[in-house]
Protein chains: 2
Amino acid sequence: MQSYTEENYLKTIYHLAEKTTNVQTNAIAEQMQTKPASVTDMIKKLAEKGLIDYVKYQGVTLTETGKNTAIDIVRKHRLWEVFLVDKLNFKWDEVHDVAEELEHIKSVELIERLDEFLGFPRTDPHGDPIPDKNRRFAKTQFIKLIELKTGESGTITGVSQHSSPFLKHLEKLGLTLGKQIQVSDVTDFDGSVEIRISDKQVNISREVAKHILISSNGKN
Amino acid sequence: MQSYTEENYLKTIYHLAEKTTNVQTNAIAEQMQTKPASVTDMIKKLAEKGLIDYVKYQGVTLTETGKNTAIDIVRKHRLWEVFLVDKLNFKWDEVHDVAEELEHIKSVELIERLDEFLGFPRTDPHGDPIPDKNRRFAKTQFIKLIELKTGESGTITGVSQHSSPFLKHLEKLGLTLGKQIQVSDVTDFDGSVEIRISDKQVNISREVAKHILISSNGKN
DNA sequence: AATAATTTTTAGATTTACCTAAAAATAAAA
DNA sequence: TTTTATTTTTAGGTAAATCTAAAAATTATT
């Protein structure tokens, strides 16, 4: 049985481990808005419980058990996000904080029934994959919009940034999940990208283009 | 901003206050499965925060603010129970523990939207009234089944005991909310009650009859 | 009213998750 | 390869919510 805080540490380590193999103390501290000294304390505790492997000064990795716990939390978080958007009409930029609380509700039965009630969704409102109850993720093949060349097109299927301002910005531009887009030009000057969406032309900054994920369907 | 624990104390005090005016330390301790000494500590804290009135050795009463907080938690608890039963097909004896966790999720927006999603229910799966967002309860007029005389009838509209064994027992006997019943006999020997429900005869103990709530529609 | 029983509070500790400040280990730069 | 900078850990402390054991206040009983 893990505490709320332990679960948040595991989740944070899980997400950081998607980028680097060995997750460092400072990285965890920054992500969790706490101090490195506090992280060291917690790390020791999680290591003792067999949830992470820890070698002093070398960072940590999740054990099988730790990873499973983390995936369960990710699953719960994303299912609750689907619930909030699909059933309670929240916007995709409004769900994160509430889901952050709901993800810690413990009942397994609850999540299985919620999953069913939602029709076993495979992605959350930001396009992130939802692991099934056996913790398996559907394979996804994303390309960052920034990587598309002029003339190439695809469908918006995810975002790699969940901040409310960013998501509101996309919403305003009509860049929501499922929309078909085509790159009509890439500006030399600032790297901003001109795209065509529903017969309108929209210009987005390089920074924005980096965080939009496209499932490509080649040129056409 | 209250902690999870503070909220539970307020809720407990609120429920105990339905029976006695001044809520005693020991009563709180028993209900919360903790020790009187711990209760004294917490009571002082809640009093300092202006959530309860507290005179040493005299027990406590909720202030306006404290009562409002408690009602908000009761509202959340009962709405979540409706969600679990109506939408996720939980049985009425399975919802308490999960709702006990869900009631502490903080978002006001969430609860308002959940309320709407559920169609603004006025009672929970056990017949308990759900306060509206202005914290007003619908007036309810219950009689205990035990108080009905032979020949009198009514509709089962609530239970005053939420334990899983009790609720499962009622379920097995077909004594669920909305069912029409008529008292056909009261046994002299042990005070058990013979009732007619959907043309079947069922015998229930005095103890069970005490905890079934009836909205009476007189003799007929 | 005095004594006994019960209830409540105080005193002093413990655990969890934090913190600051300083020391130690590792990594980067001269 | 020293020196410097960065990262991480240790040491010692705090606040929240609990505990046990003992003292104090209240209530009940003789």
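The values are calculated or read from the model by the stated rules, or taken from the named source; none is laboratory data. These figures come from a predicted structure and were not determined experimentally. Quick reminder, even Gly has a Cβ in these numbers, built from the backbone with ideal geometry, and neighbours come from all protein chains shown. These accessible areas exclude ligands, DNA and RNA; they are computed on the full protein's heavy atoms, side chains included. Shrake-Rupley method; radii C 1.70, N 1.55, O 1.52, S 1.80 Å.
Numerical summary
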| quantity | calculated |
| --- | --- |
| Over chain A: helical MRE at 222 nm, DSSP H runs n ≥ 4 each giving -39500 (n - 2.57), nearest 500 | -11500 deg cm²/dmol |
| Computed FRET value (nearest 0.05) for B:E100 with B:V55, which takes r as the C-beta separation and R₀ as 30 Å | 0.50 |
| Label geometry 7 Å along the beta-carbon vector: A:P121 inter-copy distances in nm | 2.2 |
| Whichever aspartates and glutamates have a C-alpha closer than 14 Å to that of B:K210, once near sequence neighbours (fewer than 8 apart) are set aside | B:E147, B:D190, B:E194 |
| Translational D in µm²/s for chain B (Stokes-Einstein at 25 °C, 0.890 mPa s, Kirkwood Rh from C-alpha pairs) | 129 |
| FRET E, pair B:R196, B:T21, Förster distance 41 Å, beta-carbon r, rounded to 0.05 | 0.55 |
| Accessible area in the full protein assembly, largest first, 1.4 Å probe, for A:R206, B:R136 | B:R136, A:R206 |
| Across the identical copies, how the A:N89 labels are spaced - nm, sorted shortest first, 7 Å along Cα→Cβ | 2.7 |
| For residues of B:13-25, the mean tally of beta carbons on other chains within 10 Å | 0 |
| Cross-link table A:K87/A:K179; B:K106/B:K168; A:K49/B:K106; A:K19/A:K172; B:K91/B:K179; B:K87/B:K144, entries beyond 23 Å C-alpha to C-alpha | B:K106/B:K168; A:K49/B:K106; A:K19/A:K172; B:K87/B:K144 |
| B:T40-A:S38 pseudo-label distance in nm [points 7 Å out on the Cα-to-Cβ vector] | 3.2 |
| Magnitude of the charge dipole, segment B:115-220, Cβ model with Lys/Arg +1 and Asp/Glu -1, debye to 20 | 220 |
| Label-to-label distance, nm, for residues given as B:E171 and A:E64 (7 Å Cα→Cβ offset) | 3.6 |
| Euclidean distance of C-alpha centroids, segment A:1-60 and segment B:9-34, integer Å | 39 |
| Values of log10 I(q)/I(0), in the order q = 0.19, 0.20, 0.22 Å⁻¹, for segment B:4-62 under a Debye, Cα-only, solvent-free model | -0.55, -0.62, -0.77 |
| For segment B:4-62: accessible area per residue (Å², 1.4 Å) | 62 |
| Loop sites in segment B:145-199: trypsin sites (Lys or Arg not before Pro), DSSP, at most 11 other Cβ within 10 Å | B:K149 |
| Summed buried accessible area for A+B [probe radius 1.4 Å, Å², rounded to 100] | 1700 |
| Segment B:N134-B:T150, extension gain: residue separation times 0.36 nm, minus the distance between their alpha carbons | 1.7 nm |
| With Cα atoms, 0 to 90° folded angle of helix A:36-48 axis to chain A main axis | 60 |
| Mean-position separation - Cα centroids, segment A:65-128 and segment B:98-143, in angstrom | 22 |
| Total charge dipole magnitude, chain B, about the Cα centre, Cβ charges on Lys, Arg, Asp, Glu only, Debye to nearest 20 | 360 |
| Label point 7 Å beyond Cα along the C-beta direction, distances from A:Q33 to other copies (nm, shortest first) | 3.1 |
| Loop-resident sites, segment A:21-56, for trypsin sites (Lys or Arg not before Pro), counting at most 11 other Cβ within 10 Å (DSSP) | A:K56 |
| Whether segment B:143-219 is rounded, prolate or oblate, judged on the alpha carbon gyration tensor where a/c under 1.5 counts as rounded | rounded |
